[in-house]
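So the structure is just underneath, and the comments pick up after that.
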Amino acid sequence: MKTGILGGTFDPIHIGHLLLAEAAYEAAGLDRVILLPTGRSYFKDGTGVTDAGRRLAMVRLAAQGNRHLEVLDIEVRRPGKTYTSDTLQELSKCFPEDELFYIIGADTLPQMERWHQPEIVFQLARILVETRSDEAGSGEVEITARSLREKYGADIRMLPVRNIEISSTEIRSRVREGRSIRYLVPRDVEDYIEEQGLYLAKTM
């Protein structure tokens with residue numbers, strides 16, 4: 001089975017995340033895409049991030065009704081900081097027959113060499129890099145990919161997607177300002193944000 005993995009803080013998950021998951025599913029011929037909310041990222045100190053249980057609930061709401069989207073809580077349940085290398089090792093044990101495809105944005109690719117144990121990440125998963133039309137074939141992305149292929153033997157593939165300018169930061173700001181987030185997030189996620197009173201204050 002070909003399994004895609006899309007991780008993120010998902011604070012909140014939005015339509016752009018879902019379009020990326022769907023694009024990866026189709027373009028790479030995946031059998032499923034696992035949505036993986038982060039627990040405590042070592043790139044963030046956790047300040048101002050909505051608690052993991054609520055972020056997980058929103059991801060589950062967003063994924064419902066799509067048979068090839070699955071949600072796992074392994075990073076949310078893991079104590080301490082979250083490392084992708086640990087997650088991929090755990091997934092490899094859970095799904096030993098699967099080919100793993102880790103889905104990232106083009107802006108993440110240059111950061112991967114600074115990740116914890118990047119050699120394990122590249123050993124265990126093929127990397128699908130989201131490339132919008134303004135980034136496709138860009139020298140910087142290709143140079144970085146070539147360098148990682150040469151150094152780690154990484155299997156890096158470009159994943160063309162349509163330009164969707166949506167960010168979780170924008171959504172949080174719109175909620176605080178009392179502006180609509182209709183069509184930026186799934187309706188069930190919008191309802192959950194309203195019911196829980198999320199993003200109305202700095203405290204989460």
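Data for the structure
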{"item": "Tyr25 - accessible surface, heavy atoms, 1.4 Å probe, Å² rounded to 10", "result": "60"}
{"item": "Charge context of Ile104, other residues only, Cβ under 12 angstrom, K/R +1, D/E -1", "result": "0"}
{"item": "Principal-axis tilt of helix 52-63 within the chain, Cα atoms, nearest 10 degrees", "result": "80"}
{"item": "Probe 1.4 Å, protein heavy atoms only - accessible area per residue of the chain in square angstrom", "result": "51"}
{"item": "Relative contact order of the chain, pairs being alpha-carbon contacts under 8 Å that are 6 or more residues apart, as %", "result": "25"}
{"item": "Shape of segment 72-204, Cα gyration tensor, a/c cut at 1.5", "result": "oblate"}
{"item": "Three-way shape label, segment 1-143, alpha-carbon gyration tensor, a/c 1.5", "result": "rounded"}
{"item": "MRE, 222 nm, helices only [DSSP H, n ≥ 4, -39500 (n - 2.57), over the chain, to nearest 500]", "result": "-11500 deg cm²/dmol"}
{"item": "Angle between the chain longest axis and helix 187-196 axis [Cα atoms, degrees, rounded to 10]", "result": "60"}
{"item": "Glu142 accessible area, assembled protein chains, probe 1.4 Å, Å²", "result": "60"}
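The values are calculated or read from the model by the stated rules, or taken from the named source; none is laboratory data. Keep in mind it's a predicted model, so treat the numbers as computed, not measured. Here Cβ is always computed from backbone atoms with ideal geometry, including for glycine, and neighbour counts include all displayed protein chains. Ligands, DNA and RNA are excluded from the accessible area calculation, which covers all protein heavy atoms including side chains. Shrake-Rupley method; radii C 1.70, N 1.55, O 1.52, S 1.80 Å.
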